[in-house]
Amino acid sequence: MSTAIPDPADGRTVTEQEIADIVAPDREIAVSVGEPLVVLDELTVTFGGLTALDHVSFEIRRGEILGLIGPNGAGKTTCFNAMTGVYKPSHGTVTMEGASLVGKKKHAITRAGVARTFQNIRLFGDMTALENVVVGLDARHRTSVPGAIFRTPRHVREERESIERGMALLEFVGIAGEATSPSRSLSYGSQRRLEIARALATEPKLLCLDEPAAGFNPAEKEELMTLIRQIRDDGYTVLLIEHDMKLVMGVTDRIVVLEFGRKIAEGAPKQIQEDPAVIAAYLGVEDDDDGVA
Ligand SMILES: Nc1ncnc2c1ncn2[C@@H]1O[C@H](COP(=O)(O)OP(=O)(O)OP(=O)(O)O)[C@@H](O)[C@H]1O
């Protein structure tokens, strides 16, 4: 399969499939939408005497956007971290397509198909937007170190393909025009989009977004919702931690609610909005963003 970017100069309309083939040629499009992709069973994480996650079980289904919500300190980030190899659970399992993710190193989890963004943006500030994405793509390269040093034809070809795919990813998240700008000079919103592009570069089966709308104005939040839906519609499965309830309710297919490390509810957004345990958990939360309504 050729990975050259289709040339719109020939007067032809570039199809979405052609772009998708360039962005993620090796990706297995979710064929069995709705089947469990990741299963957390009795997941428990303790820090000294504190149980941050207490026997939490839920599944993430192929092709869905699953929201993970809860008041501050409920255990959302701990859950992400236990799934992505940052913390080792003291009890319970996390499996992806039946294989355990527990105890795997971070890069092995990436290879297994889990990618994430962080609450605090973590980009290489001096590198351009394109270079930041190409770093993610490089994780998939097959050439050896000597291949890179001696610039073998295979290495040169992979490098060219990385640039083409990196550009296609920047296009997908809407910041292709800023490809050659150092990432630290990008607006906050563009940096968040760049983080998503970099995570997508690893062709994940599951994309975990940790508060992607933090610091966004309402218009930027709307645009982000559109992007997250596009990502789902493109065949990815998305796990979303987000405080902004309007965004969560508007974009997710299902929601899991944590409070004090325990799962207190799970269901469709409408069900969650009306759930007495969820309403009680959020009562007295001052921050507007944390209101359930
Ligand atoms: N590395 C750590 N060491 C000790 N305690 C921790 C650590 N990480 C989290 N905790 C504690 O675990 C609990 C859950 O925290 P966590 O960050 O997972 O919650 P959260 O739901 O993501 O909160 P927030 O919405 O504020 O980000 C909190 O009491 C927190 O203080």
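The rows are residues; the columns are (1) more than 24 Å from Val94 (Cβ to Cβ); (2) of a type in the set (S, T, N, Q).
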site: Gly177; (1), (2): yes, no
site: Ser185; (1), (2): yes, yes
site: Gly189; (1), (2): yes, no
site: Phe216; (1), (2): yes, no
site: Glu223; (1), (2): yes, no
site: Arg232; (1), (2): no, no
site: Asp244; (1), (2): yes, no
site: Lys263; (1), (2): no, no
site: Pro276; (1), (2): yes, no
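Looking only at the range 65-85, count every residue that is part of a loop (DSSP other than H, G, I, E, B) and either within 6 Å of the ligand (Cβ to nearest atom) or not assigned by TED's automatic domain parsing to the domain that holds Glu259 (or both) and tell me the total.
Summing the residues that are part of a loop (DSSP other than H, G, I, E, B) and either within 6 Å of the ligand (Cβ to nearest atom) or not assigned by TED's automatic domain parsing to the domain that holds Glu259 (or both) in the range 65-85 gives 5.
Just checking, which of Ile264, Ile279, Ile241 is modelled with pLDDT of 90 or more, surrounded by fewer than 19 Cβ atoms within 10 Å (Cβ to Cβ) and within 16 Å of the ligand (Cβ to nearest atom)?
Values: Ile279 fails: within 16 Å of the ligand (Cβ to nearest atom); Ile241 fails: surrounded by fewer than 19 Cβ atoms within 10 Å (Cβ to Cβ).
Only one candidate qualifies: Ile264.
Could you pull out the residue among Leu200, Leu207 that is farther than 30 Å from Phe47 by Cα, more than 13 Å from the ligand (Cβ to nearest atom) and touching a residue at least 40 places away in the same chain (Cβ under 8 Å)?
Numbers: Leu207 fails: farther than 30 Å from Phe47 by Cα.
So the residue among Leu200, Leu207 that is farther than 30 Å from Phe47 by Cα, more than 13 Å from the ligand (Cβ to nearest atom) and touching a residue at least 40 places away in the same chain (Cβ under 8 Å) is Leu200.
Do you know which residues across the range 69-98 are of a type in the set (Val, Ile, Thr), surrounded by fewer than 18 Cβ atoms within 10 Å (Cβ to Cβ) and in contact with a helix residue (DSSP H, G or I) (Cβ under 9 Å, 6 or more places away or on another chain)? Steps first, answer last, please.
Applying the first criterion (of a type in the set (Val, Ile, Thr)) to the range 69-98 yields 69, 77-78, 84, 86, 93-95.
Imposing the further condition that a residue be surrounded by fewer than 18 Cβ atoms within 10 Å (Cβ to Cβ) reduces the set to 86, 93, 95.
Passing the criteria: only Val86.
Check the range 213-234 and report whether any residue there is under 16 Å from Gly174 (Cβ atoms), modelled with pLDDT under 95, among the hydrophobic types (A, V, I, L, M, F, W, C) and within 14 Å of the ligand (Cβ to nearest atom).
Yes: one or more hits.
Answer yes if at least one residue in the range 45-62 is away from the ligand (no atom under 15 Å from the Cβ), modelled with pLDDT of 90 or more and under 14 Å from the mean Cα position of the chain (by Cα), and no otherwise.
There is at least one residue in the range 45-62 that is away from the ligand (no atom under 15 Å from the Cβ), modelled with pLDDT of 90 or more and under 14 Å from the mean Cα position of the chain (by Cα).
Which of the following residues is of a type in the set (Lys, Arg), crowded, with 22+ Cβ neighbours inside 10 Å and within 20 Å of Val134 (Cα to Cα): Arg198, Arg184? Quick ask: steps written out before the conclusion?
Details: Arg184 fails: crowded, with 22+ Cβ neighbours inside 10 Å.
Being of a type in the set (Lys, Arg), crowded, with 22+ Cβ neighbours inside 10 Å and within 20 Å of Val134 (Cα to Cα) holds for just one of Arg198, Arg184, which is Arg198.
Under 8 Å between Cβ atoms, which residue pairs at least 6 apart in sequence (or on different chains) link something in the range 235-252 that is assigned by TED's automatic domain parsing to the domain that holds Val39 and assigned to a strand (DSSP E or B) with a partner that is among the charged types (D, E, K, R) and more than 13 Å from the ligand (Cβ to nearest atom)?
Between residues of the range 235-252 that are assigned by TED's automatic domain parsing to the domain that holds Val39 and assigned to a strand (DSSP E or B) and residues that are among the charged types (D, E, K, R) and more than 13 Å from the ligand (Cβ to nearest atom), the close pairs are Thr237/Arg61; Thr237/Arg62; Thr237/Glu64; Thr237/Lys205; Val238/Glu64; Val238/Arg232.
Return the residue satisfying two criteria in turn: it lies in the range 142-180 and is charged (D, E, K, R) and over 28 Å from Arg192 (Cα atoms), and of such residues it is modelled with the lowest pLDDT. It would help to see each step written out before you state the result.
Looking only at the range 142-180, we keep the residues that are charged (D, E, K, R), and these are 142, 151, 154, 157-161, 164-165, 171, 178.
Next, from what is left, pick out any that are over 28 Å from Arg192 (Cα atoms): 142, 151, 154, 157.
Numbers: Arg142: 54, Arg151: 65, Arg154: 71, Arg157: 77.
Among those residues, the one meeting the criterion is Arg142.
Select from the range 86-120 the residues that are in a loop (DSSP other than H, G, I, E, B) and closer than 16 Å to Leu207 by Cβ and list them in ascending order.
Glu97, Leu101, Gly113, Thr117, Phe118, Gln119 - these are the residues of the range 86-120 that are in a loop (DSSP other than H, G, I, E, B) and closer than 16 Å to Leu207 by Cβ.
Could you please give the count of residues in the range 100-110 that are more than 20 Å from Glu42 (Cα to Cα) and exposed (fewer than 14 other Cβ atoms within 10 Å of the Cβ)? Steps first, answer last, please.
Of all residues in the range 100-110, those more than 20 Å from Glu42 (Cα to Cα) come to 105-108, 110.
Cutting the leftovers down to exposed (fewer than 14 other Cβ atoms within 10 Å of the Cβ) gives us 105-108.
Number satisfying all stated conditions: 4.
Among the residues of the range 283-292, are any over 23 Å from Leu130 (Cα atoms) and either at pLDDT 90 or above or away from the ligand (no atom under 16 Å from the Cβ) (or both)? Give the derivation first.
Within the range 283-292, the subset over 23 Å from Leu130 (Cα atoms) is 283-292.
Subsequent filtering for residues that are either at pLDDT 90 or above or away from the ligand (no atom under 16 Å from the Cβ) (or both) retains 283.
Yes: the range 283-292 contains one or more residues that are over 23 Å from Leu130 (Cα atoms) and either at pLDDT 90 or above or away from the ligand (no atom under 16 Å from the Cβ) (or both).
Can you list residue pairs whose Cβ atoms sit under 8 Å apart, with the first residue in the range 35-52 being among the polar types (S, T, N, Q) and the second being near the ligand (Cβ under 9 Å from one of its atoms)? Count only pairs 6 or more apart in sequence or on different chains.
Between residues of the range 35-52 that are among the polar types (S, T, N, Q) and residues that are near the ligand (Cβ under 9 Å from one of its atoms), the close pairs are Thr44/Thr51; Thr44/Leu53; Thr46/Ala52; Thr51/Val45; Thr51/Gly261.
The values are calculated or read from the model by the stated rules, or taken from the named source; none is laboratory data. All values reported here derive from a predicted model rather than from experimental measurement. Here Cβ is always computed from backbone atoms with ideal geometry, including for glycine, and neighbour counts include all displayed protein chains.
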